[in-house]
Amino acid sequence: MKLDEFQKSVSFVWSEAVKDFLFKESLRPRINFTCGMKDEYLFTWKDKSEPLSSPQEFYLMMQRVLYDHLYENQLLDLQHLDSIYRTRLWKKEKISAVPTLYVKNEADEIILSKGNQLPSGNVVTEPVEVGYECKHTVYAVLPKPSFFHDMFRILTLEAIFLMAVIGSLVWQLRITRNKLQTAKVQAMGVTHLEHELRKPLLVLTSLAHDKMLKDKSDEEGIWELM
């Protein structure tokens with residue numbers, strides 16, 4: 001599994017966990033929260049009302065105002081949300097991880113968190129918008145699975161091996177080039193030596209030829225005198 005695919009999977013489970021959390025919180029007696037529909041397109045809670053474009057938006061609006069109620073009354077149970085998320089991660093994705101949960105306000109400031117702060121470089125879920133008037137976002141940070149760390153180590157070793165191979169090839173190339181240059185110099189030296197040796201050989205050959213011609217001429221002169 002690639003890292004981006006892992007991030008998408010845990011993000012989807014996170015969004016579903018947030019919805020499930022708000023639904024289960026609405027069923028708790030201690031919440032003391034009520035809302036309803038005054039008519040087909042008017043959502044009401046406390047002394048407020050909000051028109052809806054369709055009846056299907058009732059559940060979404062209920063989640064938003066319920067979150068406001070939980071936050072304003074300090075009833076936001078991140079431990080419960082953490083439990084739901086970890087259970088869903090294991091059941092749906094077979095992922096066993098200890099996430100860190102964060103709640104941010106409109107100024108992008110962390111106002112609530114649950115869990116140990118994880119170092120940078122871990123997997124961050126897509127943020128989920130919650131609340132109607134509070135307008136907060138919630139997200140989770142998970143440590144990278146061990147197989148990503150193992151993969152990183154393997155890739156590091158492979159990179160080192162590749163660099164060693166490239167270095168060896170460069171070293172062999174330099175040696176081969178030096179040998180070729182040495183052979184070229186030696187060939188040029190042999191050619192020059194051959195050229196230098198050819199001159200005295202030509203002189204000696206010419207002298208020997210001249211002497212042979214002279215000796216032959218002298219021998220012919222002696223036979224003529226006889």
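The values are calculated or read from the model by the stated rules, or taken from the named source; none is laboratory data. Since we're looking at a predicted model, the values are computed, not measured. Methodologically, a virtual Cβ is constructed for each residue, glycine included, from the backbone with ideal geometry; neighbour enumeration extends over all protein chains shown. Surface areas here come from the heavy atoms of the whole protein model, side chains and all, with no ligands, DNA or RNA. Shrake-Rupley method; radii C 1.70, N 1.55, O 1.52, S 1.80 Å.
Overview of results
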item	result
Every residue from the stretch 61-77 that is in contact (Cβ under 8 Å) with a residue 24 or more places away in the chain and either part of a loop (DSSP other than H, G, I, E, B) or farther than 15 Å from Cys35 by Cβ (or both)	Tyr71, Leu75, Leu76, Asp77
Meets criteria (in a loop (DSSP other than H, G, I, E, B), closer than 12 Å to Val10 by Cβ, open to solvent by 40 Å² or more (accessible area, probe 1.4 Å) and touching a residue at least 24 places away in the same chain (Cβ under 8 Å)) for Glu126	yes
So Tyr85, is it out of contact with any His (no Cβ under 8 Å at 6 or more places or on another chain) and open to solvent by 80 Å² or more (accessible area, probe 1.4 Å)	no
Any chance Leu42 is aliphatic (A, V, I, L, M) and more than 13 Å from Tyr132 (Cα to Cα)	yes
Residue count, the stretch 103-125 (criterion: touching a Pro at 6+ places or on another chain (Cβ under 9 Å) and within 29 Å of Asp68 (Cα to Cα))	6
Condition check for Ser49: at pLDDT below 95, in a loop (DSSP other than H, G, I, E, B) and farther than 18 Å from Lys24 by Cα	no
Residues being open to solvent by 100 Å² or more (accessible area, probe 1.4 Å) and aliphatic (A, V, I, L, M) - total across the stretch 2-43	1
